[in-house]
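The values are calculated or read from the model by the stated rules, or taken from the named source; none is laboratory data. Note that the coordinates shown come from a computational prediction; the quantities given were computed from them, not determined experimentally. The area values use the complete protein model at the heavy-atom level, side chains included, leaving out ligands, DNA and RNA. Shrake-Rupley method; radii C 1.70, N 1.55, O 1.52, S 1.80 Å.
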Amino acid sequence: MIGNVPDIITISKWTENRVQDRLISRIISKTIITPGLLHRFNLHPDPLCIVCNENNDISHILLKCKKYASFRVILWNKLNIVEPNITYDVCWGMRGTCKVEWNVAHAPNR
């Protein structure tokens with residue numbers, strides 16, 4: 001573990017799938033490509049979400065965006081999360097207490 005961010009070896013024990021390992025690692029480290037991240041490097045003209053008009057980074061997409069609210073409800077129910085104002089850091093701090101099956105369509109095994 002590097003600070004509060006787990007390393008790829010720790011993550012690989014959760015998924016046992018290299019594609020999912022990389023995806024989860026990028027989400028946790030906030031380096032997954034989003035319009036907000038691309039804008040920071042002048043690679044996207046607008047960092048704002050077209051639905052919510054907030055910075056369109058991974059925290060917004062996973063925790064706040066109205067576009068994904070119905071999916072979020074399903075995920076929160078699976079994780080037994082009842083706190084509506086959960087933060088990104090708290091969400092990833094719970095990773096050891098819940099078992100989530102990460103499904104990535106057509107992800108090849110290692």
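For this structure, a couple of remarks:
- Carbon and sulfur %, accessible surface of region 8-79 computed with the full protein complex present, 1.4 Å: 58 percent
- Over region 8-79, the Kirkwood radius and the radius of gyration, each from Cα atoms, give a ratio Rg/Rh of 1.04.
- Solvent exposure of region 8-79, expressed per residue, is 66 Å² of accessible area, with all protein chains present and a 1.4 angstrom probe.
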